[in-house]
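Each reported figure results from applying straightforward, stated rules to the coordinates on display, with no laboratory input. Keep in mind the model is a prediction, meaning the values are calculated, not measured. Don't worry about glycine lacking a Cβ; one is built from the backbone with ideal geometry, like all the others, and counts go over all protein chains shown.
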Amino acid sequence: MALVEFTATATDPGADDLTFSWDFGDSTTQDNFYPSDGTFPTEVTDSVSHWYFSSGTHTVVLTVTDDDGGQTSISIVISI
């Protein structure tokens, strides 16, 4: 069993709402929504903690989406 902390920062050129969608690679997900404060560019840092209850290799995927439909994804592989 291990607690892993993840932090990511996303920047959007407009004043858009951002959603951080985490897939932890163990059949669990988490979405965090950040409404825009009206300034641009928008920059948001999201930090999450996740417990892994089984050892092994997990592919973590983060997808950030804005309210205009733009999105980007990044993945990392971790070993527990």
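Of the options (1) 27, 11, 9; (2) 38, 11, 10; (3) 17, 16, 11, only one is semi-axes √(5λ) of the Cα gyration tensor in Å as computed from these coordinates, and that is (1). Please name which of Thr39, Leu3, Leu18 has its Cα lying farthest along the dipole of the chain towards the positive end, using unit charges on Cβ (Lys, Arg +1; Asp, Glu -1) and the Cα centre as origin. My answer, from the dipole projection, is Leu3. Across the chain, Cα pairs under 8 Å and at least six residues apart give a relative contact order of 37 percent.
Simple spin-label estimate for Ser49 and Ile78 gives 1.2 nm between the two label positions (7 Å along the Cα-to-Cβ direction from each Cα).
Compared with the direct C-alpha span, the chain from Asp68 to Thr29 gains 11.8 nm at full extension, assuming 0.36 nm per residue.
Taking the Cα centre of the chain as origin and assigning +1 to Lys and Arg Cβ atoms and -1 to Asp and Glu Cβ atoms, the resulting dipole is close to 440 debye.
Couplings for the stretch 65-80, taken from phi via the Karplus curve 6.51 cos²θ - 1.76 cosθ + 1.60 with θ = phi - 60°, read 10, 9, 7, 9, x, x, 8, 9, 10, 9, 9, 9, 10, 10, 10, 10 Hz in order; Gly and Pro are left as x.
Sorting Leu3, Leu62, Leu18 from the fewest to the most surrounding beta carbons within 10 angstrom yields Leu3, Leu62, Leu18. The length gained on full extension between Val61 and Leu3, counted as 0.36 nm times the residue separation minus their Cα-Cα distance, comes to 19.2 nm.
Note on the chain: GNM, Cα springs under 10 Å; of Thr42, Thr57, Thr29, the largest mean-square fluctuation is that of Thr57.
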